[in-house]
Amino acid sequence: MLLLAVGALCSCSNNRRPLPTQAELLRQDSLEKLALEQRAEALDAPRSPEEKMLRELPLRPLPVTYEEGFERTLPGFAEVAPTMVPSLLGVNGLTKTKAVRLPDKDGFHVFLVGGEKAQDGPAVYLVTLDAESWAPIDQLTLFESSENEERSSGGQPANDDEWVDEDDLGTTRVEFSVTSRYEIYIQVVFQSYVDDSRDLVGVSVFSIGSDGTFFELENNKLNHGAE
């Protein structure tokens, strides 16, 4: 009986698989990691050439601050075929179209779109796209040349201590900024031809809601500054 037991132990010992080496364990881990990465890439892969094009647009970090001539130079933007802009980005009536991608907001894709409007000159819009389908959700006008016009200051205060003459002519222009918190400031400024002074006529502040649409913030909820 003792001989039989020893024989059985020897037989089991001979049939036992050797423990994997460190190199084999590392190789197995690498293969599993690669499989997971490939699965994630497949799930996140563009589902159409149009989506691929949107994904490959340049990414511009926040904040975005208006600078003189921004609407004409569109710095960092890439060209997009005008025929594709209405369906992909939801903006109509533009030529010489360009776009740039901004960081996502709560899963929604955000883009700046610029171009020329017939008879009206340059225009810039902020648009949101659905997280899954990449379909346009909403757009906000940041700049349109038709909003800039020659006017008189009409005796409005240039600041708390000074009033400008009613005959002081100049232009109103729209300027904008987008903070890192996605607070979107759109302000109307009167710039005098006489002394080059600037008078803030009005300001509106928007943000992006939980449904991907733009909404105006109440004054008591504002955090000033383009952070």
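The values are calculated or read from the model by the stated rules, or taken from the named source; none is laboratory data. Just so you know, these numbers come straight off a predicted model, no measurement behind them. So basically every Cβ, Gly included, is an ideal-geometry build from the backbone, and we count neighbours across all protein chains shown. Note: accessible area is taken over every heavy atom of the protein model, side chains too, but ligands, DNA and RNA are not part of it. Shrake-Rupley method; radii C 1.70, N 1.55, O 1.52, S 1.80 Å.
When Leu57 is evaluated against the numbered criteria (1) free of Cβ contacts under 8 Å to residues at least 12 places away in the same chain; (2) closer than 12 Å to Leu129 by Cβ, which criterion, by number, is the only one it fails?
(1)
So, in segment 67-100, exactly how many residues are outside any helix (DSSP H, G or I), in contact with a helix residue (DSSP H, G or I) (Cβ under 8 Å, 6 or more places away or on another chain) and open to solvent by less than 40 Å² (accessible area, probe 1.4 Å)?
5
Any residue at all in segment 200-215 that is free of Cβ contacts under 8 Å to residues at least 12 places away in the same chain, over 27 Å from Gly69 (Cβ atoms) and more than 20 Å from the chain's Cα centre (by Cα)?
No.
Taking the stated definitions as given, is Ser48 polar (S, T, N, Q), more than 15 Å from Gly114 (Cα to Cα) and modelled with pLDDT of 70 or more?
yes
For segment 175-216, which positions are at pLDDT below 90, assigned to a loop (DSSP other than H, G, I, E, B) and at negative phi?
Tyr193, Val194, Asp195, Ser197
From Glu147, Glu116, Glu227, which residue is at pLDDT below 90, surrounded by 13 or more Cβ atoms within 10 Å (Cβ to Cβ) and among the acidic types (Asp, Glu)?
Exactly one of Glu147, Glu116, Glu227 is at pLDDT below 90, surrounded by 13 or more Cβ atoms within 10 Å (Cβ to Cβ) and among the acidic types (Asp, Glu), namely Glu147.
Does Ser133 qualify as being of a type in the set (S, T, N, Q), surrounded by fewer than 19 Cβ atoms within 10 Å (Cβ to Cβ), at pLDDT below 95 and over 14 Å from Arg72 (Cα atoms)?
For Ser133, the condition - of a type in the set (S, T, N, Q), surrounded by fewer than 19 Cβ atoms within 10 Å (Cβ to Cβ), at pLDDT below 95 and over 14 Å from Arg72 (Cα atoms) - is met.
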